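Student: One structure, pasted below without further comment.
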Amino acid sequence: MMMLPAVGGRSPLFALSVSAGLVLVFIFGFMAWQSPPRMSFPHGSSHTDLSLANQKADVSISEVIRLLYQNMKTAPTEPFIREPNGSHIALPPNPRYKKTMGSDILILDLETRPLKSTDDFKKGNYDWRNINHVSGGIFNHYTYALVHGYDYKFVHAHEFEDRHATWIKPSALANHIKNYKFIVFLDADAAFRFLHVPIEWMLNYWDIKPHHSFVMAKDPWTAAEPQYNSDRFNRSLTNTGFMVVQNNENTMPILKAWHECPEDVRYANCSQWKQPKFHEQSAFGEYIRYDYEQYVKELDCGEANGYPGLEVNNCQGKFVRHYWFEKHLVKKDFHENIMNAITLPIQKIFAENIGGVIVQQEKNVIDA
Ligand SMILES: *[C@@H]1O[C@H](CO)[C@@H](O)[C@H](O)[C@H]1NC(C)=O
Ligand SMILES: *[C@@H]1O[C@H](CO)[C@@H](O)[C@H](O)[C@H]1NC(C)=O
Ligand SMILES: *[C@@H]1O[C@H](CO)[C@@H](O)[C@H](O)[C@H]1NC(C)=O
């Protein structure tokens, strides 16, 4: 599906994004043959300086992306966004978040393994067509941070000895939330459907209030496998592949309760979820949410879970897609967004005959 943005008034700066598109094409070519620059993911609790990170990366991709999107970006209070098929998704009245929050928002990736594409890159073999879904998803998240000026971190966590790797989520969130108003966390197989729509717009759409510590989407329920995604009370688990965590007074207590759940102190028998599916997700659904019910905003599955083509419960990823099964498709969202951003200014050249590219041939005869 192609995404067609609602484009507002043309500004002189729009011409800049035209050149930015060409710059981007050049950069991709350039990066393919140059010797690999040192890429370092910043550590520590201070805000990431993306401009610094980009200086080290030789090319200012952040500037390119910023220019490319500056006229495409949706405002946090935009009355509606347009889907590729022409449908409108309207924002309810009285939006709470009126301004973008920039570096008060952290986009967070969390992995126990380094990116495989980094190995290829270091050997000079980087190719978009060959990278796996993990890099595809993470590049989507990083680009989203660049488009909207959010902070970004890729946390490389160590494996637990006694529990499944996904149990790293609560501690990583706890270690970074104190420096931000919101953390937006995504699994590598999840992606923003619309890179140009800021998270503030979605927070408005979902009516996220100051007391909400967590926003998550439910998993689907099917009669064929009624218990598969349900807790012991037949209630659908919330999926931890996409989480918005808000920094308020209940957030740390929830994260601590969650992280410590498998110790079986506060929650008897939570340790049964150390290894079996769905690990920390089951622990949250079975125990944690029942103690903090009003602080967890549960979205319907289709809002931020699943992807087009899935039949169950209409879980087709309206704003955030989560490719549980066909993970490679996570790359498709990214390239459709980027292609849209690059080709829009190219389309403008043909629509407005910029630089006189369009030449009329009045008579189909060979000029003498
Ligand atoms: C457009 O797609 C959305 C799902 O992405 C769907 O809900 C909506 O009904 C579609 N609209 C039209 C006009 O087909
Ligand atoms: C379990 O929950 C689903 C909705 O999530 C509902 O449709 C179904 O009827 C419930 N089953 C029982 C036995 O309560
Ligand atoms: C604890 O969990 C295990 C594994 O699911 C189960 O077999 C056992 O009955 C549970 N014990 C209690 C006391 O609930």
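The values are calculated or read from the model by the stated rules, or taken from the named source; none is laboratory data. Since we're looking at a predicted model, the values are computed, not measured. Here Cβ is always computed from backbone atoms with ideal geometry, including for glycine, and neighbour counts include all displayed protein chains. Side chains included, ligands, DNA and RNA excluded: accessible areas come from the protein's heavy atoms. Shrake-Rupley method; radii C 1.70, N 1.55, O 1.52, S 1.80 Å.
Student: With every protein chain in place, what's the accessible area of residue 134 (1.4 Å probe, Å², nearest 10)?
Tutor: Looks like 30 Å² after rounding.
Student: Would you work out what percent of the accessible area of segment 75-352, with all protein chains in place, is carbon or sulfur (probe 1.4 Å)?
Tutor: Of the solvent-accessible surface of segment 75-352, carbon and sulfur hold 52 percent.
Student: Please compute the per residue accessible area over segment 75-352 with all protein chains in place, 1.4 Å probe, rounded to a whole number of Å².
Tutor: 43
Student: While we're on this one: May I ask which of 99/332; 98/297; 318/348 have a Cα-Cα span longer than 22 Å here?
Tutor: In this structure, 99/332; 318/348 exceed 22 Å between Cα atoms.
Student: Sort all Cα-Cα distances of segment 184-291 into consecutive 5 angstrom bins from zero, then give the percent of pairs in each bin up to the one containing the longest distance.
Tutor: Spelled out per bin, shortest first, that is 2, 11, 18, 22, 20, 15, 8, 3, 0.
Student: Same structure again: As a test of the definition: which semi-axes, in Å, follow for segment 228-344 when you take the square root of five times each eigenvalue of its alpha carbon gyration tensor? Largest first, please.
Tutor: 31, 17, 13
Student: Oh, and also: Starting with the highest mean, order 86-94, 354-362 by the number of other Cβ atoms within 10 Å, averaged over the residues of each peptide.
Tutor: Per-residue Cβ counts within 10 Å, averaged per peptide and sorted highest first, yield 86-94, 354-362.
Student: While we're on this one: Which far-off residues, 5 or more places away or on another chain, put their amide H under 5 Å from the one on residue 217, with H placed in the peptide plane?
Tutor: Residues meeting the amide H criterion: 239, 242, 299.
Student: Right, something else. Quick check on packing: order 161-170, 343-352 by the mean number of other C-beta atoms within 10 Å, highest mean leading.
Tutor: 161-170, 343-352
Student: Order these peptides, 182-190, 68-76, by their mean beta-carbon neighbour count within 10 angstrom, highest first.
Tutor: Highest mean packing first, the order is 182-190, 68-76.
Student: With a ≥ b ≥ c the root eigenvalues of the C-alpha gyration tensor of segment 75-352, is it rounded (a/c under 1.5), prolate (a/b larger than b/c) or oblate?
Tutor: Prolate, since a/c reaches 1.5 and a/b exceeds b/c.
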